[in-house]
Amino acid sequence: MSRLRSLGVPGGAALSDERWARLAWSRLVEPENEKVAASIASHGAVDALDRFLSGPEAQAGAHAARLEALDLDRARHVLDRLRARVLVPGDDEWPSGLDQLTVPPLCLYARGECEVSVAEGSVAVVGSRAATAYGLSVAADLGEGLATRGVTVVSGAAFGIDAASHRGALAAGGPTVAVLARGLDRAYPQAHEGLLREIARHGAVVSELPPGWAPHRHRFLARNRLIAAMTVGTVVVEAGLRSGSLNTAKFARGLVRHVAAVPGPVTSVQSAGCHQLMREHGATLVTDAAEVLDLMGRLSLDAVGPVRAPETAESELDPVGLAVFSAVPVRAGADLARLQEHTALDTMTLLAALGRLGALGLVVRDEDRWRKSPPPRRGRSS
């Protein structure tokens, strides 16, 4: 097993050399390490690790401190305690979209009843932590609507929009995937411990960071690329101009994924980032789950028809009928001469139009005068 034994790999362990090597790498370097990714792509994780351990970098700076603390046997016991598993590229459970990243994760730590591959064909719903009541309502409706239609919702389990979208999906009984910017040993935020437990029960919680690693700003930014890559598209519900969810949308655009945004009040700073996405970056405006799936769903199967106003007898009138109906007063009524004056129609045409309006229940005749029919009376609520 090459130099892996020196790092505390237990004898007879079920993990393969490749998996152990990637687990070790994940504890030695930060996410998005381009040099390590290139070495693994050229030599494989095991040989790349051998080269690193025998070189000068392993004895320098943070690498030396992390290498000294690295104990893979202890790491295995932590994973067993958390009931977590380690995923590597090529696993059936590995989300294929991650392979399109310039620097894919070294491995994924996952726990939950669903395989992480449930994210295939999923939609990311992200947004502001400081969400408004409007944003929370829309995010929950999107999560529920997508899950009802069999689409997995992926988000970051943060306060605000993320949590609302997860809860919406859970309310519909659908799976949802939370991607964290810290290790799986602790909930982040701590207040979402119960929510993450529910997500694990009905979906999956994943991270590229090992247990024990804390959330830092650059790790959130790295996490956002995973959310974008695991999904077919990203919906931003609310976002300020500096929101991290705009970073997720940027990754999605770079991966040629769909990007959509929910409009908000023009006076709302929480929606300014959404409006910027639509105005400057070509994000598609969406208002509900049906419109999201019309953009991101299965070709033809999830398409929705154009939105139309409700059809009424009045909306079906031809131009002559509409002109006559507009000329008929509501209360006092008008005689034929007055209606001819307003419509400039001959007598036969005017009478024919009034007859059609009467048949549709839009006007009533009172002797020699016509007036609009009163609107139907609504029953009083008890």
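Each row is one residue, and each column tells you yes or no for (1) at pLDDT 95 or above; (2) under 27 Å from VAL118 (Cβ atoms); (3) among the charged types (D, E, K, R).
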residue	(1), (2), (3)
ALA229	yes, yes, no
VAL232	yes, yes, no
VAL236	yes, yes, no
ASN247	yes, yes, no
LYS250	yes, yes, yes
PRO263	yes, no, no
GLY273	yes, no, no
MET278	yes, no, no
LEU285	yes, no, no
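In the range 237-249, is there at least one residue being within 19 Å of CYS107 (Cβ to Cβ), touching a helix residue (DSSP H, G or I) at 6+ places or on another chain (Cβ under 8 Å) and buried (at least 17 other Cβ atoms within 10 Å of the Cβ)?
no
Within the range 239-288, track down each residue that is β-branched (Val, Ile, Thr), more than 15 Å from ARG129 (Cβ to Cβ) and under 14 Å from the mean Cα position of the chain (by Cα).
Matches in the range 239-288: VAL259, VAL262, THR284, VAL286, THR287.
Looking only at the range 68-118, which residues are of a type in the set (A, V, I, L, M, F, W, C) and surrounded by fewer than 19 Cβ atoms within 10 Å (Cβ to Cβ)?
ALA69, LEU70, VAL78, LEU82, LEU101, VAL103
Identify all residues within the range 345-372 that are hydrophobic (A, V, I, L, M, F, W, C), outside any helix (DSSP H, G or I) and more than 12 Å from ALA327 (Cα to Cα); write none if there are none.
Scanning the range 345-372 gives LEU360, LEU362, VAL364.
Residue-wise test of (1) over 23 Å from ASN33 (Cα atoms); (2) surrounded by fewer than 20 Cβ atoms within 10 Å (Cβ to Cβ); (3) out of contact with any Phe, Trp or Tyr (no Cβ under 6 Å at 6 or more places or on another chain).
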residue	(1), (2), (3)
PRO175	yes, no, yes
VAL179	no, no, yes
ARG182	no, no, no
LEU196	yes, no, yes
ARG201	yes, yes, yes
PRO211	no, yes, yes
ALA214	no, yes, yes
LEU221	no, yes, yes
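Can you tell me which condition THR234 does not meet? The list is (1) under 18 Å from ALA163 (Cα atoms); (2) of a type in the set (Val, Ile, Thr); (3) without any contact (Cβ under 8 Å) to a residue 12 or more places away in the chain, and all the others hold.
Just one mismatch for THR234, condition (3).
The values are calculated or read from the model by the stated rules, or taken from the named source; none is laboratory data. Only a predicted model underlies this, so the values are computations on that prediction, with no experimental measurement involved. With ideal geometry, Cβ positions are generated from the backbone for all residues, glycine too; neighbour counts draw on all protein chains shown.
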